[in-house]
Amino acid sequence: MTAKPFWETKALSEMTTAEWESLCDRCGRCCLHKLEDEDTDEVYYTSVACKLLDTSSCQCKDYPNRKDIVPECTVLTLKDVELFHWLPETCAYRLISERKPLFDWHPLVSGSDESVHQANISVKGWVHSENDIAEDDFEDYIIPHTMIR
């Protein structure tokens, strides 16, 4: 009998730091700038990524220091688990918090860091760095909700 993987047996609150960090599939979607409609509170994703996102690998260029460099960077913590509904429906943190299984393409399931890109879940190849776009123009880069699922 094979033991079940940790993400199927542990709640987020029971995970080690390494387990928590391994849930990130490195899709880069949480690193996209979002705009909120002040009247409706609806959140719109843009194709403009944080300046620290390596748009080729979809990994943070300075993960340990990201909050110091980009103060508005969202650091997912257990205390924010009730707010995970804003994350993409495919995000492992959201899935585990909602007691749903990970997708087959998730690196923990597939065993490959490339599977998230091969499944076209990551932002690899279609996002722009905020270094190249004026903040006043972010609205021009709103993407359809279907791209974020």
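Between 97, 22, the distinction of being touching a Leu at 6+ places or on another chain (Cβ under 8 Å), farther than 23 Å from residue 140 by Cβ and at pLDDT 95 or above belongs to 22 only.
Comparison of 122, 56, 13 shows that the only residue that is of a type in the set (S, T, N, Q), in a helix (DSSP H, G or I) and either closer than 19 Å to residue 143 by Cα or touching a residue at least 40 places away in the same chain (Cβ under 8 Å) (or both) is 13. Checking each residue in segment 116-149 for being loosely packed, with under 11 Cβ neighbours inside 10 Å and of a type in the set (A, V, I, L, M, F, W, C) picks out only 134. Contact annotation: residue pairs with Cβ atoms under 6 Å, 6 or more positions apart or on different chains, pairing a residue in segment 23-44 that is over 15 Å from residue 115 (Cβ atoms) with a partner that is at pLDDT 90 or above and part of a loop (DSSP other than H, G, I, E, B), are 29/123; 31/50.
Scanning segment 101-119 for residues that are assigned to a helix (DSSP H, G or I) and over 14 Å from residue 59 (Cβ atoms) returns 108, 109, 110, 115, 118.
One residue stands out in segment 27-75 among those that are surrounded by 17 or more Cβ atoms within 10 Å (Cβ to Cβ) and basic (Lys, Arg): the one that is modelled with the highest pLDDT, namely 66.
Selection over segment 1-10 of residues that are among the aromatic types (Phe, Trp, Tyr) and either without any contact (Cβ under 8 Å) to a residue 40 or more places away in the chain or not in a helix (DSSP H, G or I) (or both) gives a count of 1. Which numbered condition in (1) in a helix (DSSP H, G or I); (2) in contact with a strand residue (DSSP E or B) (Cβ under 8 Å, 6 or more places away or on another chain) is the only one that residue 47 fails? Single failed check for residue 47: (1). Every condition in (1) surrounded by 14 or more Cβ atoms within 10 Å (Cβ to Cβ); (2) assigned to a loop (DSSP other than H, G, I, E, B) holds for residue 20 except the one numbered (2).
The values are calculated or read from the model by the stated rules, or taken from the named source; none is laboratory data. Just so you know, these numbers come straight off a predicted model, no measurement behind them. Backbone-built Cβ (ideal geometry, glycine too); neighbour counts: all protein chains shown.
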